[in-house]
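Below is one structure, written out as structure tokens; the observations come after it.
Quick note: the coordinates plus some simple rules give every number you see, no bench work behind them. The structure displayed is predicted, hence computed values, not measured ones. Cβ: placed from backbone, ideal geometry, glycine included. Neighbour counts: every protein chain shown.
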Amino acid sequence: MELLRSRIIIGITLLSMVLMFGSALAQDADKRDVLDSTAVRVGTFKKPVNLPIPAQLDVVEDSEGDAGSSITVSWLPSPDDGAGKNNVIEYQILRSESQDGEYVIVGSASRGMTQFQDATTTDGVTYFYYVRTISKDGGANSQISAGIQSSPQWFNTKDLDTFIIGLIICAAVIYFIYHAQKGKKFFLRQIAGLEAVDEAIGRATEMGRSILFIPGINDMDDVQTVAGITILGRVAKTIAEYDTKINMPVSRSIVMTTARETIKQAYVAAGRPDAYSDDMVHYLTDEQFGYVAAVDGIMVREKPATCFYLGAFFAESLIMAETGNSIGAIQIAGTAMPAQLPFFVAACDYTLIGEELFAASAYLSGEPKQLGSLKGQDVGKIIAMIVILGLCGLYTVASISDSVSLLDFADKIKGLFSAS
Amino acid sequence: MHFDLGVWIGAFLTLGIISFLYKDNPWYKICEAIFVGISAGYWIASLFWQNLVSKLYDNLAPAIVALFHGQIQYNLLYLVAGILGIMMLLRLIPQIGWISRWPLALVVGATAGLQFINYLVSNGVKQIYNTIVPVFGPVSDAGGIPPVATTGEGIGNVIILIGTFTGLVYFFFSKEHKGLFGGAAKVGTWFLMITFGASFGYTVMSRMSLLIGRIDFLVNDWIRGTFG
């Protein structure tokens, strides 16, 4: 009996020791988990050997030249970033509104990165940050930053170079407009597509058929649509003079309103206000392919002699141009959408490529303001050509001669064109 | 046999639109009218809820309420947008229809001004930046002596430089395309056409995938789905 009791006591003692040891292990593990995954204090535990060396906070500041609601956190990478068994997986950025408060993860950055932009801040609220370096074995925290607030800035100083380039081009434009208004004649080279406008309208007049004008499928907040509508003014004036019919289906209500005003003014300018009708411009639908289906139907039923496609186009470009081609219409297209230009080039008689569309309105109107603007843009192109040739030459010489100073100089000038 | 009305309507409309490839026909006209009518209605509803309600009313109404409580909120500026919208509708009254030109002028002018920066950056400044490359060696933005270029990189850099430069010459409007200048413009035209050719082929392939998607719908969803 005594023997049994002593064995039970020994057994219970051993079991208790095992349980206590197990409990201690579990508590230690729990404590480490807490510290590794959701720890909010820094420096309260000794870094286990298997954790990465933490990144060091570098700069935490209000993001420069923005509209507020953003703070940029920068850090020096962990020595374990990209090295050895503690290789860093990522950096987590944690934020709190008080230094001793609860920190929450606001984002993460891949290893090798040293900056994170927290674009979820409220202006005027003070935030504290730290960076946690994560490896496969856990995370190690950097020191906590000083309090920082986000705020909006009036000027985006990062785009100062763009501002200066814009000023130079604007100055050139104003200079040429001034001289154009003084009566100076400027030379403009011929653009094939524009030379054909009168011919295309004349053909429609002779055939007694209508002219279809498509201003693209974007709204008036696209400069291509604005350019298309500007050309419409000149086209509509000729149409009014020739007494031909124009049909203009549109996919945007504001474009419809603007186009009606433009055509009305053109008819007034041509001395035929009575011939104008609001029905010349009509809305179909905003839906891209619904619009195309309807335009295709109009084409095959009315068989216009001339089709103009001037504006911003997307996947509908080839569908419309091919249908226009199938009915034997003269087609003049113009867009600055690089992906659609090939289709217009393939299916239309004349295509205004990119900037030719914008030049077209100046070319057709002959107004001093538009001519001066075009000449000013040419100055911008000359500057671009000189910069490209000059800097390419400079880099090549620096490459061949291994000149660090020359390379630094070239880098500085090239940096002027690194618009954000 | 499994009958799914939605799939049958989809098949009917798909075949109706495709029938246009043969010629204009009543089936296509029906599909066209349905497409235009439904999409126009959908867009009206969509614009009403996404613009008029969520952008104007939801921003303006709390600001007006706050105004009655003596607070002036930034969102009161939406009142300007609302007034401009009403001015646009005044064209429905012929006597004062001219007022609708003011918001139009604002839209067009603001568009030109705002897009100026976007176009200058994306079509000008960034293009220049990416074209500045050494003809005989790549240079990192961080500076330092560049490594020796491979032959392929060198040829690529030369093509980028010539293509961009001659392209700019082509779009230069102040000088006749004659002589050396005309020759450079001709080279620029070749670069443009080669680019268009590559883009054409690429886009046609993506359109083929759209066609395959429609055929897949007709064969699998419609025919196999219905008749097993």
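Examine the stretch A:201-217 for a residue that is facing another protein chain (nearest Cβ under 10 Å) and of a type in the set (A, V, I, L, M), and state whether such a residue exists.
Step one: list which residues in the stretch A:201-217 are facing another protein chain (nearest Cβ under 10 Å), which gives none.
The answer is no, given that none of the residues of the stretch A:201-217 is facing another protein chain (nearest Cβ under 10 Å) and of a type in the set (A, V, I, L, M).
What residue, of A:357, A:391, A:371, A:352, is more than 9 Å from chain B (Cβ to nearest Cβ), more than 26 Å from the chain's Cα centre (by Cα) and either assigned to a helix (DSSP H, G or I) or buried (at least 22 other Cβ atoms within 10 Å of the Cβ) (or both)?
Among A:357, A:391, A:371, A:352, only A:371 is more than 9 Å from chain B (Cβ to nearest Cβ), more than 26 Å from the chain's Cα centre (by Cα) and either assigned to a helix (DSSP H, G or I) or buried (at least 22 other Cβ atoms within 10 Å of the Cβ) (or both).
Looking only at the stretch B:173-224, filter to residues that are farther than 30 Å from residue B:13 by Cβ and of a type in the set (Val, Ile, Thr); which one of those is farthest from the other protein chains (Cβ to nearest Cβ)?
Looking at the filtered set, the residue picked out is B:187.
Mind listing whichever residues of the stretch A:374-388 are without any contact (Cβ under 8 Å) to a residue 12 or more places away in the chain and within 7 Å of another protein chain (Cβ to nearest Cβ)?
Let us first name the residues in the stretch A:374-388 that are without any contact (Cβ under 8 Å) to a residue 12 or more places away in the chain, namely A:378, A:381-382, A:384-386, A:388.
Of everything in the stretch A:374-388, those that are without any contact (Cβ under 8 Å) to a residue 12 or more places away in the chain and within 7 Å of another protein chain (Cβ to nearest Cβ) turn out to be A:378, A:381, A:384, A:385, A:388.
Could you pull out the residue among A:135, A:150, A:142 that is in contact with an Asp or Glu (Cβ under 6 Å, 6 or more places away or on another chain) and among the polar types (S, T, N, Q)?
On the way: A:135 fails: in contact with an Asp or Glu (Cβ under 6 Å, 6 or more places away or on another chain); A:142 fails: in contact with an Asp or Glu (Cβ under 6 Å, 6 or more places away or on another chain).
That would be A:150, the only listed residue that is in contact with an Asp or Glu (Cβ under 6 Å, 6 or more places away or on another chain) and among the polar types (S, T, N, Q).
Considering A:293, A:339, A:312, which residue is buried (at least 20 other Cβ atoms within 10 Å of the Cβ) and within 11 Å of chain B (Cβ to nearest Cβ)? If you could, list the steps in order and put the result at the bottom.
Values: A:339 fails: buried (at least 20 other Cβ atoms within 10 Å of the Cβ); A:312 fails: within 11 Å of chain B (Cβ to nearest Cβ).
That would be A:293, the only listed residue that is buried (at least 20 other Cβ atoms within 10 Å of the Cβ) and within 11 Å of chain B (Cβ to nearest Cβ).
Report, by residue number, each residue of the stretch B:151-191 that is among the polar types (S, T, N, Q), surrounded by fewer than 18 Cβ atoms within 10 Å (Cβ to Cβ) and assigned to a helix (DSSP H, G or I).
Step one: list which residues in the stretch B:151-191 are among the polar types (S, T, N, Q), which gives B:151, B:157, B:164, B:166, B:174, B:189.
Retained after the next criterion (residues that are surrounded by fewer than 18 Cβ atoms within 10 Å (Cβ to Cβ)): B:151, B:174, B:189.
Within the stretch B:151-191, B:151, B:189 meet the criteria.
For residue B:158, only one of the following conditions fails: (1) in contact with a helix residue (DSSP H, G or I) (Cβ under 9 Å, 6 or more places away or on another chain); (2) within 10 Å of chain A (Cβ to nearest Cβ). What is its number?
Going through (1) in contact with a helix residue (DSSP H, G or I) (Cβ under 9 Å, 6 or more places away or on another chain); (2) within 10 Å of chain A (Cβ to nearest Cβ) one by one, residue B:158 breaks only (1).
Please give the number of the condition residue A:301 fails out of (1) at the interface with another protein chain (Cβ under 10 Å from one of its Cβ atoms); (2) in contact (Cβ under 8 Å) with a residue 12 or more places away in the chain; (3) in a helix (DSSP H, G or I).
For residue A:301, the exception is condition (2).
Within the stretch A:73-146, which strands (runs of 3 or more DSSP E) (wholly inside it) include 2 or more residues that are in contact with a helix residue (DSSP H, G or I) (Cβ under 7 Å, 6 or more places away or on another chain)? Walk me through it before giving the result.
Values: elements: A:90-96, A:104-110, A:115-118, A:128-135, A:138-141.
It comes to A:138-141.
Name the residue that is nearest to the other protein chains (Cβ to nearest Cβ), counting only residues in the stretch B:19-39 that are within 26 Å of the chain's Cα centre (by Cα) and among the small types (Gly, Ala, Ser).
Ranking the qualifying residues of the stretch B:19-39, first place goes to B:39.
Restricting attention to the stretch A:221-263, and to residues there that are assigned to a strand (DSSP E or B) and touching a residue at least 40 places away in the same chain (Cβ under 8 Å), which single residue is nearest to the other protein chains (Cβ to nearest Cβ)? I'd like the intermediate steps shown before the answer.
Our first condition is that a residue be assigned to a strand (DSSP E or B); within the stretch A:221-263, this holds for A:246-250.
Right, trim to touching a residue at least 40 places away in the same chain (Cβ under 8 Å) and you get A:247, A:249.
Details: A:247: 16, A:249: 10 Å.
The qualifying residue nearest to the other protein chains (Cβ to nearest Cβ) is A:249.
Picking from B:44, B:117, B:99, which residue would you name as being surrounded by 12 or more Cβ atoms within 10 Å (Cβ to Cβ), more than 30 Å from residue A:338 (Cβ to Cβ), within 14 Å of chain A (Cβ to nearest Cβ) and under 23 Å from the mean Cα position of the chain (by Cα)?
On the way: B:117 fails: more than 30 Å from residue A:338 (Cβ to Cβ); B:99 fails: under 23 Å from the mean Cα position of the chain (by Cα).
On inspection, the qualifying residue turns out to be B:44.
For the stretch A:394-420: of the residues being within 24 Å of residue B:172 (Cβ to Cβ) and either of a type in the set (A, V, I, L, M) or surrounded by fewer than 19 Cβ atoms within 10 Å (Cβ to Cβ) (or both), which is nearest to the other protein chains (Cβ to nearest Cβ)? If you could, list the steps in order and put the result at the bottom.
Taking the stretch A:394-420 and keeping what is within 24 Å of residue B:172 (Cβ to Cβ), we get A:394, A:413-414, A:416-417, A:419.
Add one more test, that the residue is either of a type in the set (A, V, I, L, M) or surrounded by fewer than 19 Cβ atoms within 10 Å (Cβ to Cβ) (or both), and what stays is A:394, A:413, A:416, A:419.
Values: A:394: 9, A:413: 9, A:416: 9, A:419: 4 Å.
Filtering the stretch A:394-420 for residues that are within 24 Å of residue B:172 (Cβ to Cβ) and either of a type in the set (A, V, I, L, M) or surrounded by fewer than 19 Cβ atoms within 10 Å (Cβ to Cβ) (or both), the one nearest to the other protein chains (Cβ to nearest Cβ) comes out as A:419.
Condition first: under 24 Å from residue B:222 (Cβ atoms) and touching a Phe, Trp or Tyr at 6+ places or on another chain (Cβ under 8 Å). Now tell me which residues in the stretch B:40-66 satisfy that. Step through it out loud before you land on a result.
First, the residues of the stretch B:40-66 that are under 24 Å from residue B:222 (Cβ atoms): B:42.
Result: no residue meets the conditions.
Could you identify the single residue in B:92, B:21, B:13 that is within 30 Å of residue B:225 (Cα to Cα) and surrounded by fewer than 12 Cβ atoms within 10 Å (Cβ to Cβ)? It would help to see each step written out before you state the result.
Details: B:92 fails: within 30 Å of residue B:225 (Cα to Cα); B:13 fails: surrounded by fewer than 12 Cβ atoms within 10 Å (Cβ to Cβ).
Being within 30 Å of residue B:225 (Cα to Cα) and surrounded by fewer than 12 Cβ atoms within 10 Å (Cβ to Cβ) holds for just one of B:92, B:21, B:13, which is B:21.
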